[in-house]
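Okay, so here's the structure we're looking at.
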Amino acid sequence: MRAVTTGLIMLALLPTTLAAKPAAKPKPPAALAEEFGKRCPWREVRGAGVSMWHYACPESRLIADPTVPGISIEQPPQVDGGKREFYPLVRLFRLKAGAPVATILPAVLVAAGVTGADAADCVLVPDKGTPGHFTLEPKGALLARYKNTEAADWPSEPCGALGPTEAGSRFLWRVPGSTTLIAAIALPSDIPTFDWRTLKAAR
């Protein structure tokens with residue numbers, strides 16, 4: 001009877017063991033696959049508490065960057081003998097449990113490099129069409145200056161490095177799998193090597 005009981009216990013444990021498989025590799029978007037799939041491997045970059053998939057091309061490799069913290073793109077030197085350059089693509093901010101997204105605005109402004117009077121005219125605005133998305137937008141006097149493109153003091157990047165830009169797009173997004181992480185994502189104007197929709201919380 002003991003042998004039969006032991007066998008039943010092992011059978012009961014077997015499905016749980018088999019179910020513990022690694023997550024399936026996400027399929028790259030068609031546009032990215034067409035542009036990079038023939039020459040760059042589709043890989044995961046993991047670190048700083050998140051994971052994201054990208055085409056690891058020699059000229060635009062993504063790395064987990066704890067100094068941001070988040071994910072940066074590593075690019076070759078612009079001149080011979082120069083250093084490789086790093087640009088943040090994903091910046092992470094942490095909410096206190098249950099706190100509204102607006103509470104990270106001071107940290108967002110610091111990361112964006114917004115200071116002085118302009119800091120009072122930058123706000124986080126929820127995207128009504130996309131739940132969980134927010135943008136850093138100008139208001140008041142700063143917005144008026146931004147709309148007047150012919151002005152001598154026209155701000156090409158109101159709200160700094162995380163606000164509106166003429167090159168690409170920027171937005172903030174609740175990181176799937178986390179109740180406290182918010183990611184500020186910078187998309188280039190051309191086809192990116194990464195799929196931001198694969199971004200998720202990871203150990």
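The values are calculated or read from the model by the stated rules, or taken from the named source; none is laboratory data. Nothing here was measured: the structure is a model prediction, and the numbers come from that model. FYI the Cβ positions are ideal-geometry reconstructions off the backbone, even for glycines, and counts take in every protein chain you see. Note: accessible area is taken over every heavy atom of the protein model, side chains too, but ligands, DNA and RNA are not part of it. Shrake-Rupley method; radii C 1.70, N 1.55, O 1.52, S 1.80 Å.
So the values come out like this:
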| quantity | calculated |
| --- | --- |
| Karplus-derived 3J(HN,Hα), 6.51/-1.76/1.60, for each residue of region 94-105, Hz, glycine and proline x | 10, 7, 6, 3, x, 7, x, 4, 4, 6, 8, 3 |
| Residues with amide H under 5 Å from that of Leu89, placed H, sequence gap 5 or more | Ile71, Ser72, Ile73 |
| For region 105-154: rounded, prolate or oblate by the Cα gyration tensor [a/c cutoff 1.5] | oblate |
| The chain, accessible area per residue, ligands and nucleic acids excluded (1.4 Å, Å²) | 61 Å² |
| Positive-pole candidate from Leu89, Pro100, Val125, dipole of the chain, charges at beta carbon | Pro100 |
| The chain - mean residue ellipticity at 222 nm from DSSP helices (-39,500 (n - 2.57) per run, n ≥ 4, rounded to 500) | -6000 deg cm²/dmol |
| Karplus (6.51, -1.76, 1.60) ³J(HN,Hα), θ = phi - 60°, over region 150-160, in Hz, Gly and Pro reported as x | 8, 6, 5, 9, 4, x, 5, 10, x, 6, x |
| Radius 15 Å from Cβ of Val45, net charge of other residues (Lys, Arg +1; Asp, Glu -1) | +4 |
| Choice from Ala99, Ala112, Ala24 showing the highest fluctuation, given a GNM over the chain with Cα pairs closer than 10 Å | Ala24 |
| Karplus-derived HN-Hα couplings along region 44-61 (A = 6.51, B = -1.76, C = 1.60, θ = phi - 60°), whole Hz, x at Gly and Pro | 9, 10, 9, x, 6, x, 9, 9, 8, 9, 7, 8, 7, 8, x, 8, 7, 8 |
| Listed residues Lys38, Lys27, Lys96, most fluctuating in the chain (Gaussian network, C-alpha, under 10 Å) | Lys38 |
| Loop GluC sites (Glu not before Pro), region 20-123 (other Cβ atoms within 10 Å of the site Cβ: 15 or fewer; DSSP) | Glu59 |
| Dipole magnitude (debye, nearest 20) for the chain, charges at Cβ of Lys, Arg, Asp, Glu | 1240 debye |
| Accessible area of region 74-203 belonging to carbon and sulfur atoms, whole % at 1.4 Å probe | 55 percent |
| Lysines with Cα under 16 Å of Lys139, excluding same-chain neighbours fewer than 8 positions away | Lys147 |
